[in-house]
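The values are calculated or read from the model by the stated rules, or taken from the named source; none is laboratory data. A quick note: this is a predicted structure, and the numbers were derived from the prediction, not measured. Glycine also receives a Cβ, built like all others from the backbone with ideal geometry; neighbour counts cover every protein chain displayed. To get the accessible areas, we keep the full protein, side chains included, count just its heavy atoms, and leave off ligands, DNA and RNA. Shrake-Rupley method; radii C 1.70, N 1.55, O 1.52, S 1.80 Å.
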Amino acid sequence: MDNTKKFKSKWGFILTAVGSAVGMANVWGFPYKLTTEGGGAFLIAYLFFIIVFGYIGLSAEYAIGRRANTGTLGAYEYAWKSRGMEGAGKIVGWLPLAGSMCIAIGYACIISYVLKALFQAITGSLMTVNPGPWFESFALVNYSVIPYHIIIVVVTLLTCITGADSIEKANKFMMPLFFVLFIILAIRVAFLPNAINGYAFMFKPDWAEIMKPQTLVSAMGQAFFSLSITGSGMIVCGAYLSKKEDIIDGAKKTAIFDTIAAMVAAFVMVPALFSYGLDQARGPGLLFVTLPTILQDMPGGRIFAIILFTAVVFGGVSSLQNMFEVVAESLMHKIPKLTRKVTLVILGVITFGIGVNMEAIVKWGPWMDIVSIYIIPLGATLGAISWFWILKKDELMDEINTSSSKIYGDVWYNLGRYFYTPLAIILCIVALAFKVAF
């Protein structure tokens, strides 16, 4: 890979990695699970898994990307080649890569909904509709958000036009604004009546809940996929990372900012729900029905609706951007004659061509469930096994310790091999056996 196609700065890399990780898992997944899986008990378990997965799994994906100097397909080839099994490596990498592409197709539909909501918040029409029927008017109808869908796909692809450089610039703009906008919303929500009850619920653990397998598995799954450790997405971030950077320090900062993103989203959603006495809605219902209901009643609600949906668009585009880049880089690695522009056009046609036929939630909802139940857990497990059981230990550790502020050894590696990898396998088994979409 041309060294000019690297991130220009450490913070550019971190903001890009955070942008990849921050998305719907933070905006509606985390607040929903926080309120339905035991509040403070879930939060404690979640933070534990974030620390473990950020320290081990995320670092490993960055390391293999930088070691192989390429993304998903090349990284798996490299890992398996170190054991003389290059042929298997060429096959294994396609599953997690397919996961990234399939998520991108469904994700573009979701962000199209958000852009529609943003447009109607700007015009003011969102403030006068009945949120439930309004949401159903496009969520249950085919070909209902085509203009927004086109804008999302095209704009996201444009941010990938020069690779690491344009991706870094886009995230240096989008991610700080994402945090600023959500913090503004969180401050506003803090002044709502009875908001204090929401904070109390978030931080007061029910110790009986924390030992329940459902709470632990839910927290583990949320942490796993919030950090985008899918055996694919974060590898390309590592591939664009300079050899001068400390991988584990970068992984820690990514995990910290991803967690902050989840928390500020929860600081908006949970106290608002408690203030208005509303039940937590799962997924899209929270963002497109519950929150508009609250915003319509809130003084200055229109302004805060614009802030909310702008922030969510930024978070969504930054995640979608990573999915496109993962696939684009791997295709160009596999077919060197493909130019970046042609590759991006192909991805745009595929994403919109398939996605436009499943704009109704009854179509993209099951699509995303299939991907998150079957493909993503398998991809994450294949990644963990490939980095800690297939790739030679000295290669992984050499990359981890390159430019590191301290030397990591057997403790870090054995945590990856005997703790992180089994957890990935457990999560995969739970997802497959019980049809759980994390």
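Of note:
- Filter result for Val430 (aliphatic (A, V, I, L, M) and part of a helix (DSSP H, G or I)): yes
- Inside the range 398-418, residues that are part of a helix (DSSP H, G or I), surrounded by 12 or more Cβ atoms within 10 Å (Cβ to Cβ) and aromatic (Phe, Trp, Tyr) make up a count of 2.
- Counting only helices (runs of 4 or more DSSP H) that fall entirely inside the range 219-338 and contain at least 3 residues that are closer than 30 Å to Gly124 by Cα and not charged (D, E, K, R), the qualifying elements are 247-276, 291-297, 301-334.
- The test for being part of a helix (DSSP H, G or I), of a type in the set (Asp, Glu) and surrounded by fewer than 22 Cβ atoms within 10 Å (Cβ to Cβ) holds for Glu395.
- Condition check for Trp80: at pLDDT 95 or above and open to solvent by 10 Å² or more (accessible area, probe 1.4 Å): yes
- Extreme residue, least open to solvent (accessible area, probe 1.4 Å), among residues of the range 234-277 that are polar (S, T, N, Q) and closer than 27 Å to Gly99 by Cα: Thr254
- Pairs are defined by a Cβ separation below 6 Å, a sequence spacing of at least 6 or placement on different chains, a first member in the range 19-33 that is of a type in the set (D, E, K, R), and a second member that is in a helix (DSSP H, G or I) and surrounded by fewer than 24 Cβ atoms within 10 Å (Cβ to Cβ); the pairs so defined are Lys33/Ser218.
- Within the range 125-157, if we keep just the residues that are of a type in the set (Gly, Ala, Ser) and in contact (Cβ under 8 Å) with a residue 60 or more places away in the chain, the residue that is surrounded by the most Cβ atoms within 10 Å (Cβ to Cβ) turns out to be Ala139.
- On inspection, Gly65 fails the criterion of being at pLDDT below 95 and not aromatic (Phe, Trp, Tyr).
- Pairs where the first residue, in the range 283-310, is among the charged types (D, E, K, R) and the second is crowded, with 19+ Cβ neighbours inside 10 Å, C-beta under 9 Å, 6+ apart: Arg302/Ala121; Arg302/Leu126; Arg302/Leu295
- Residue match in the range 340-355 (condition: open to solvent by less than 10 Å² (accessible area, probe 1.4 Å), part of a helix (DSSP H, G or I) and either touching a Ser or Thr at 6+ places or on another chain (Cβ under 7 Å) or more than 30 Å from Tyr78 (Cβ to Cβ) (or both)): yes
- Just one of the listed residues (Ile235, Ile229, Ile247) is at pLDDT 90 or above and within 13 Å of the chain's Cα centre (by Cα), and it is Ile229.
- Some residue of the range 377-387 being part of a helix (DSSP H, G or I), in contact with a Cys (Cβ under 9 Å, 6 or more places away or on another chain), of a type in the set (Ser, Thr, Tyr) and touching a residue at least 60 places away in the same chain (Cβ under 8 Å): yes
- Lone qualifier among Ile91, Ile56 - being buried (at least 23 other Cβ atoms within 10 Å of the Cβ), assigned to a helix (DSSP H, G or I) and β-branched (Val, Ile, Thr): Ile56
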